[in-house]
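The values are calculated or read from the model by the stated rules, or taken from the named source; none is laboratory data. These numbers were taken from a predicted model, which means no experiment stands behind them. As a convention, Cβ positions derive from the backbone with ideal geometry for all residues, glycine included, and neighbour counts pool all protein chains shown.
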Amino acid sequence: MRSIFTLIAFSLFIISGCGDASTNEAREKDSISKREAVKKALQEDLPPASDIKQFNWFYSAFAHAATTANDTIFDVVIHREYGLWIIHSAGAVPNFTHINHILEFKLPDGENLLPFKRDAMMNVPKEETLPVLICDDDKVYDKEGCFTSLQNTFAEQKIWKYAGLSAENDKEIEKSAKTITRTVINTQNYRFYFSLINGSWYLTFMDIMTPCEA
């Protein structure tokens, strides 16, 4: 639950950064120190990653930002160092795009990824075995809904190895993949990979590829 307060606190610091260049620079330095202080305070007695209630508090704020196209709040869940890797494709080969701000990513038609469809994001993740792709005529997954697990399926599957990336990007992705704490599969839209870093949740990978589409 503390992570949601971290999210809100971060957003307030970001939103407050308006004014001239010199003032903004001073405020930015001050906000960074404030963020670090807030994170340190909120990390005390933080529930473990296995606490689904704690994660779902965070996820509800993330879903709200995604469905309301609030890019300022959405950007708070993107880690400053690791950034966000978006996995997309126009065919069978996955493409990886690295961003630090959600509005940097554009769909093939030039539109922003936000907002996500509200109906697809309404389900609270259930902690149970993740759905499996079956790709038959009637069903894509063996079960429907939104599910989460501590299983790091992304690091296990290593799909970036099939993307023809540079050695540098390959190394960066592998480093980020090791931080993944929770996988969320929403069968109505995407696969999300979250990392719990220094007591705060971050979205480090998001797979928006259409399942079973070659």
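Of the helices (runs of 4 or more DSSP H) contained entirely in region 77-179, those carrying at least 2 residues that are among the small types (Gly, Ala, Ser) and at pLDDT 95 or above fall at 167-177. The set of residues in region 39-76 being assigned to a loop (DSSP other than H, G, I, E, B) and at pLDDT below 90 consists of GLU44, ASP45, LEU46, PRO47, PRO48, ALA49, SER50, ASP51. Of all residue pairs spaced 6 or more apart or on separate chains, those with beta-carbon atoms under 7 Å, a first member in region 64-87 that is more than 26 Å from ASP170 (Cβ to Cβ) and a second member that is buried (at least 16 other Cβ atoms within 10 Å of the Cβ) and of a type in the set (Phe, Trp, Tyr) are ALA65/PHE74; ALA66/PHE74; ALA66/PHE116; THR67/PHE116; VAL76/PHE10.
Applying a threshold of 7 Å to beta carbon distances and a minimum spacing of six or more residues, or different chains, the list of pairs starting in region 143-169 at a residue that is farther than 26 Å from ALA49 by Cβ and ending at one that is small (Gly, Ala, Ser) and surrounded by 12 or more Cβ atoms within 10 Å (Cβ to Cβ) is empty. Please go through region 104-120 and give me each residue that is under 16 Å from the mean Cα position of the chain (by Cα) and within 15 Å of TRP85 (Cα to Cα), ordered by number. Selection gives GLU104, PHE105, LEU113.
Every listed requirement among (1) within 20 Å of THR97 (Cα to Cα); (2) in contact with a Phe, Trp or Tyr (Cβ under 8 Å, 6 or more places away or on another chain) is met by ALA155 save one, (2).
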